[in-house]
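The values are calculated or read from the model by the stated rules, or taken from the named source; none is laboratory data. A quick note: this is a predicted structure, and the numbers were derived from the prediction, not measured. Virtual Cβ from ideal backbone geometry, glycine too; neighbours counted across all protein chains shown. The protein model used for the area step is the full one, side chains on, heavy atoms only, and it has no ligands, DNA or RNA in it. Shrake-Rupley method; radii C 1.70, N 1.55, O 1.52, S 1.80 Å.
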Amino acid sequence: MAAIELPYLVRDRDRHGNVRYYVRVPGQKKVRLRGEPGSEAFMAQYHAARSGAADDKTRAAARPGSFRWLCQAYFGSHQFKALDASTKSWRRRALESACQKHGDKPVRLMESRHVRKLRDELADKPGAANQRLKAMKALFAWGVIEEPDIVKNNPTRDVKLISYKSDGHHTWTLEEVATFEEKYPIGTKARLAMALLLYTACRREDVVRLGRQHIRGGRIKFVQAKNEHRKPVEIDIPVHPDLAAAIAGADAGNLTFLITDYGKPFTVAGFGNRFREWCNAAGLPHCSAHGLRKATAARLAERGATPHEIMSITGHRSLDEVERYTRAAQQAKLADRAMGKL
């Protein structure tokens, strides 16, 4: 199993050759992590150790009214705990990274110019800069209501996201799908994973939860993990013949089709790492799990599917994203017809 790589995670071996994992954040006590690396329990310990919630001494070190103190209060709030796992994960990472340099600063003195400074520290990575700002907006929106004695106003209100051009995750081509399938024939775990992603257009946090209980009467039905506790989206689509063949031919699990080498369900992060390894080994380092979701939407658009038809597969709640795929497909068809008239 490939070594898991996370910020501040260190490892050593005891005299019996067993690998031990620790979180070592500068200025904080080293914290031992137990369990299987990448598992849900392991990652929960990791995030707790990084946020300083692993021991009372570290919690006490956060001065009341400081930025770190507010972040820790937010992490312990009902509102934060009610978020889906992926949202909690990226918000926590974004806020913890800001705490590394600014955790001891008093919240009551924070102004818009300070928020812009925190955002612009990551200006060379605009995606990460915007995630930090989004997390801070959520933090202060919560703080002005739940901690009004500390958070007198919301300094993030008038701070805008950084505008930048990005094509996002690469959309797989038919040739790249064929390359992956040639490398991983039916019967392999990699092929099953690819088929689940491609023929359901699901996200990583969904694919690790799909199992036989979700298939009934030739259809696959599940609730998307994203926003499942706030605005759940139910997916009900036919099982594609190629997906049925991949499931039938693989040594799949029951409650979850995809299982680790230890016979346990994948975590979202663990699956992401493993799928990255599969893509790299197939000579497709630019391809990703999310790129298959985009590929499905693009193919549907190219075959004349309407935005609402695409949304019924992908589960998008807004037309904006899917209309981008249909516009691109229509542009290509219009260009073909126009060239034919030339």
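Could you please let me know if residue 101 is among the charged types (D, E, K, R), open to solvent by 80 Å² or more (accessible area, probe 1.4 Å) and within 28 Å of residue 6 (Cβ to Cβ)? Yes; evaluated as a whole, the condition is true for this residue. Could you tell me whether residue 119 is open to solvent by less than 50 Å² (accessible area, probe 1.4 Å), within 25 Å of residue 45 (Cα to Cα) and outside any loop (DSSP other than H, G, I, E, B)? It is false that residue 119 is open to solvent by less than 50 Å² (accessible area, probe 1.4 Å), within 25 Å of residue 45 (Cα to Cα) and outside any loop (DSSP other than H, G, I, E, B).
Restricting 108, 93 to those that are at pLDDT 90 or above, closer than 23 Å to residue 268 by Cβ and charged (D, E, K, R) reduces the list to 93.
Of all residues in segment 198-211, those that are small (Gly, Ala, Ser) and surrounded by 19 or more Cβ atoms within 10 Å (Cβ to Cβ) total 1. On the given criteria, is residue 135 out of contact with any helix residue (DSSP H, G or I) (no Cβ under 9 Å at 6 or more places or on another chain), assigned to a helix (DSSP H, G or I) and either in contact (Cβ under 8 Å) with a residue 12 or more places away in the chain or open to solvent by 40 Å² or more (accessible area, probe 1.4 Å) (or both)? No.
Whether a residue is in contact (Cβ under 8 Å) with a residue 12 or more places away in the chain, in a helix (DSSP H, G or I) and in contact with a Ser or Thr (Cβ under 7 Å, 6 or more places away or on another chain) was assessed, and residue 198 passes this test. Selection of helices (runs of 4 or more DSSP H) fully inside segment 232-342 by the criterion of at least 1 residues being touching a Cys at 6+ places or on another chain (Cβ under 9 Å) and surrounded by 20 or more Cβ atoms within 10 Å (Cβ to Cβ) returns 268-281, 289-302, 307-314.
For first residues located in segment 313-342 and hydroxyl-bearing (Ser, Thr, Tyr), partners that are open to solvent by less than 60 Å² (accessible area, probe 1.4 Å) and not in a helix (DSSP H, G or I) and lie 6+ apart or on another chain with Cβ distances below 8 Å form the pairs 314/201; 326/305. Restricting the first member to segment 279-306 and to residues that are under 25 Å from residue 330 (Cα atoms), and the second to residues that are among the β-branched types (Val, Ile, Thr) and part of a helix (DSSP H, G or I), the beta-carbon pairs closer than 6 Å and six or more apart or on different chains are 297/310; 297/314; 300/310; 301/326. When residue 171 is tested against the conditions (1) closer than 30 Å to residue 68 by Cβ; (2) open to solvent by less than 50 Å² (accessible area, probe 1.4 Å); (3) assigned to a loop (DSSP other than H, G, I, E, B), the lone failure is (1).
Filtering segment 144-166 for residues that are in contact (Cβ under 8 Å) with a residue 40 or more places away in the chain, surrounded by 12 or more Cβ atoms within 10 Å (Cβ to Cβ) and not in a loop (DSSP other than H, G, I, E, B) leaves a non-empty set.
Do the conditions hold for residue 188, that is, is it closer than 17 Å to residue 292 by Cα, in contact (Cβ under 8 Å) with a residue 24 or more places away in the chain and of a type in the set (Ser, Thr, Tyr)? Spelling it out, it is not the case that residue 188 is closer than 17 Å to residue 292 by Cα, in contact (Cβ under 8 Å) with a residue 24 or more places away in the chain and of a type in the set (Ser, Thr, Tyr).
Would you confirm whether any residue within segment 212-231 is open to solvent by 20 Å² or more (accessible area, probe 1.4 Å), touching a residue at least 60 places away in the same chain (Cβ under 8 Å) and out of contact with any Asp or Glu (no Cβ under 7 Å at 6 or more places or on another chain)? Yes, there is a match, as at least one residue in segment 212-231 is open to solvent by 20 Å² or more (accessible area, probe 1.4 Å), touching a residue at least 60 places away in the same chain (Cβ under 8 Å) and out of contact with any Asp or Glu (no Cβ under 7 Å at 6 or more places or on another chain).
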